[in-house]
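Enquirer: Mind looking over this structure? Questions follow.
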Amino acid sequence: MAGKESVRQTVPDATLIVNESPLSRELSLGTTGEVSAPRPRLRVKKLPPERRRRKINVALEPAWYRRLILRLKEDPQFLRSTVQSAFVLLCIWIGFEFYLFMQWGMSAGTEPFVTRPPGVEGFLPISALISLKYWMLTGMINVIHPSGLFILLAIVATGVLLKKAFCGWLCPIGTLSESLWMAGQKLFGRNMRVTPWLDYPLRSLKYLLLVFFLYAIWQMDTAALKYFIESPYNKVADIKMYLFFAELSTFALWTVLILAGLSVVIKNFWCRYLCPYGALLGALSWFSPLKITRTKETCIDCELCTKACPSSIKVHKVGRVWSDECMSCMRCVEACPVIDTLQMRTSKTAEAVPPWVFGTLVAGVFVAITGMAMLTGHWQNNISREEYAKRFQELDAPVYQHFQGNVAPYGPHD
Ligand code: SF4
Ligand code: SF4
């Protein structure tokens with residue numbers, strides 16, 4: 001989750017840092033453990049006092065609600081933490097409702113009935129991609145997992161408009177990943193840095209996974225897409241997913257534990273190397289008009305932005321951050337000590353988008369698209385309570401299995 005680094009970065013003094021030594025650089029920037037190898041001499045330009053970015057003292061506000069509003073407006077990481085927490089709470093609520101629904105289904109109806117929360121379809125990305133292609137080919141929104149399609153559309157829209165802001169502001173797995181590396185940093189004083197010769201091939205893994213899924217879906221024609229969407233397997237895909245995690249095999253448990261362990265020592269291990277959603281958003285982020293933009297004329301080359309970046313992007317070297325790993329987390333913007341030097345912009349000359357506006361856009365795009373699905377009746381699926389009760393009793397039947405990505409053959413009455 002977003003928050004302050006365990007060691008705060010020190011804003012360079014206007015008179016202090018000119019042609020400093022590597023040692024004085026370590027002292028002046030603080031040490032997060034990311035920079036350990038001997039580095040070339042850093043030449044930080046003089047920062048005129050009138051160009052220094054001042055932080056507003058929120059504590060001076062007497063009323064608590066004004067303090068809260070001011071902090072949300074002035075502190076990008078507080079705002080991001082708030083949005084992330086709200087989204088995590090929403091996912092926990094969805095998970096709890098789905099748990100109650102499962103209790104009803106698995107008890108053959110002896111437990112009280114709770115409506116299945118449609119938001120759970122956000123965790124069925126393959127089904128959603130298939131729905132997306134079916135919608136693009138036929139113009140029809142499937143009635144089995146309609147909310148999954150709209151959640152995917154909302155995620156894609158954030159990627160096209162706001163880079164990988166979904167990963168940095170909304171995704172519960174991204175929030176968990178961030179919490180884990182921050183915990184690792186607190187625990188060990190630093191996170192491990194993967195050397196570039198290993199980092200680049202590892203980063204391509206998520207693209208290979210994405211290409212694998214996209215290629216499999218690309219090969220499906222309209223009839224095959226319809227056959228998958230209406231299959232008994234797809235109708236209970238969310239239930240199967242729940243059972244997979246509720247009855248985790250030893251192999252799956254070890255996989256989860258190893259991934260969690262790696263996420264503690266390496267920043268965003270899952271998101272950076274393995275998440276196909278991250279790959280999709282990384283590719284789409286190239287189209288985003290909004291990018292972190294550096295004004296070279298006022299930059300003092302202090303490298304605080306690069307040091308703050310959890311994605312190891314050399315922000316201080318570029319005019320615009322095009323990297324597919326940028327999650328729009330705004331840590332670099334917050335770290336920059338110079339007024340109007342590092343900002344989210346559509347171009348180098350365009351007006352800057354303040355972090356609070358950006359955060360509102362991220363949440364707004366997501367809420368607008370999913371809200372539209374709710375308002376137009378494309379949120380709940382058309383599987384009745386009676387049909388679910390019947391299917392819960394048949395979950396182990398061959399017709400609910402799939403083999404190497406293909407659903408089992410089924411008939412009109414399955
Ligand atoms: S470049 Fe800035 S916004 Fe992008 S990931 Fe790095 S710190 Fe976050
Ligand atoms: S853009 Fe980066 S290098 Fe330039 S002043 Fe801001 S923090 Fe320092």
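Read the figures in this text as sums done on the coordinates, not as results from a lab. Not measured: the values here are computed from a predicted model. Counting neighbours? That spans all protein chains shown, and the Cβs are built from the backbone with ideal geometry, glycine included.
Enquirer: Relative to a virtual label point 7 Å from the Cα of residue 195 in the Cα→beta-carbon direction, which members of region 283-311 show backbone nitrogen distances below 13 Å?
Expert: It comes to no residues whatsoever.
Enquirer: Okay, next question. Near residue 267, which lysines are there with a Cα under 23 Å away, not counting those fewer than 8 places off in the same chain?
Expert: Partners found: 4, 163, 164, 186, 206, 291, 307, 314, 317.
Enquirer: Once you put a point 7 Å from the Cα of residue 248 and another 7 Å from the Cα of residue 375, both along the Cβ direction, what distance in nm separates them?
Expert: 4.0
Enquirer: Still on this structure: Please list the helices of the chain that count as membrane-span-like by this rule: a mean Kyte-Doolittle hydropathy of at least 0.5 together with Cα atoms stretching 30 Å or more along the helix axis, each helix being a complete DSSP H run.
Expert: Length and hydropathy pass: 76-106, 196-218.
Enquirer: Another one. Report, by chain and number, residues whose modeled amide H sits under 5 Å from the one on residue 338, excluding near sequence neighbours (fewer than 5 apart, same chain).
Expert: 53
Enquirer: Sorting 314, 164 on the 10 Å Cβ count, fewest up front, what's the list?
Expert: Arranged by neighbour count, lowest to highest, 314, 164 become 314, 164.
Enquirer: Can you list, by residue number, the Cys in the chain that have no neighbouring cysteine C-beta under 4.7 Å?
Expert: Taking the Cβ cut-off of 4.7 Å, the unpaired cysteines of the chain are 91, 167, 171, 271, 275, 299, 302, 309, 326, 329, 336.
Enquirer: Right, something else. Treat each spin label as a single point 7 Å out from the Cα along the C-beta direction, and report the residue 399 to residue 413 distance in nm.
Expert: 0.9
Enquirer: Can you find, among 222, 212, 176, the residue farthest towards the positive end of the dipole of the chain? Put +1 on the C-beta of Lys and Arg, -1 on that of Asp and Glu.
Expert: Of the options given, the answer is 176.
Enquirer: Whole-Hz ³J(HN,Hα) for each residue in region 316-333, computed from phi via Karplus 6.51 cos²θ - 1.76 cosθ + 1.60 with θ = phi - 60°, x for glycine and proline: what do you get?
Expert: 5, 9, 10, x, 10, 8, 9, 3, 6, 9, 6, 9, 6, 7, 6, 4, 5, 4
Enquirer: Please list the equivalent ellipsoid semi-axes of region 286-395, computed as the square roots of five times the alpha-carbon gyration tensor eigenvalues, in descending order and whole angstrom.
Expert: Equivalent-ellipsoid dimensions as semi-axes: 43, 16, 11 Å.
Enquirer: Taking every DSSP beta bridge with both residues inside the chain, roughly what % is antiparallel (nearest 5)?
Expert: 90
Enquirer: Report the FRET efficiency, 1/(1 + (r/R0)^6), for residue 283 and residue 110, where r is their Cβ-Cβ distance and R0 is 41 Å, rounded to 0.05.
Expert: 0.30
Enquirer: Continuing with this model, one more query. Tell me what the chain gives for mean residue ellipticity at 222 nm when only DSSP H runs of n ≥ 4 count, each as -39,500 (n - 2.57), the sum divided by the residue total, rounded to 500 deg cm²/dmol. Walk me through the numbers on the way to the answer.
Expert: On the way: 17 runs with 213 residues, N = 414.
About -16000 deg cm²/dmol.
Enquirer: Subtract the Cα-Cα distance of residue 85 and residue 66 from 0.36 nm times their separation in residues, and report this length gain in nm to one decimal.
Expert: The span from residue 85 to residue 66 would gain 4.8 nm if fully extended.
Enquirer: So if I take the alpha carbon set of region 117-220, get Rg, then get Rh from the Kirkwood formula, what is the Rg over Rh ratio?
Expert: 1.06
Enquirer: I've got another one for you. Dipole magnitude of region 74-393 about its Cα centre, charges +1 at Lys/Arg Cβ and -1 at Asp/Glu Cβ only, in debye to the nearest 20?
Expert: With only Lys, Arg, Asp and Glu charged at Cβ, the dipole is about 720 debye.
Enquirer: Please name which of 392, 357, 402 has its Cα lying farthest along the dipole of region 271-406 towards the positive end, using unit charges on Cβ (Lys, Arg +1; Asp, Glu -1) and the Cα centre as origin.
Expert: Working it through, the farthest residue towards the positive pole turns out to be 357.
Enquirer: Nearest 0.05, what FRET efficiency do residue 322 and residue 356 give at R0 = 35 Å with Cβ-Cβ as r?
Expert: That gives a FRET efficiency of 0.90.
Enquirer: Starting with the fewest neighbours, write out 43, 272 ranked by other beta-carbon atoms found within 10 Å of each beta-carbon.
Expert: In increasing order of surrounding Cβ atoms, one gets 43, 272.
Enquirer: In what sequence do 163, 73, 267 fall when counting other Cβ within 10 Å, fewest first?
Expert: On the way: 163 32, 73 17, 267 24.
Taking fewest neighbouring Cβ atoms as first place, the list is 73, 267, 163.
Enquirer: Over the Cα atoms of the chain, what Rg and Dmax result, in angstrom?
Expert: Computed over the Cα atoms of the chain, radius of gyration and Dmax are 24.0, 79 Å.
Enquirer: Which residues' amide hydrogens lie under 5 Å from the amide hydrogen of residue 267, considering only partners 5 or more residues apart or on another chain, with H built in the peptide plane?
Expert: 192
Enquirer: For labels at residue 230 and residue 208 in the simple 7 Å Cα→Cβ model, what's the distance in nm?
Expert: 3.8
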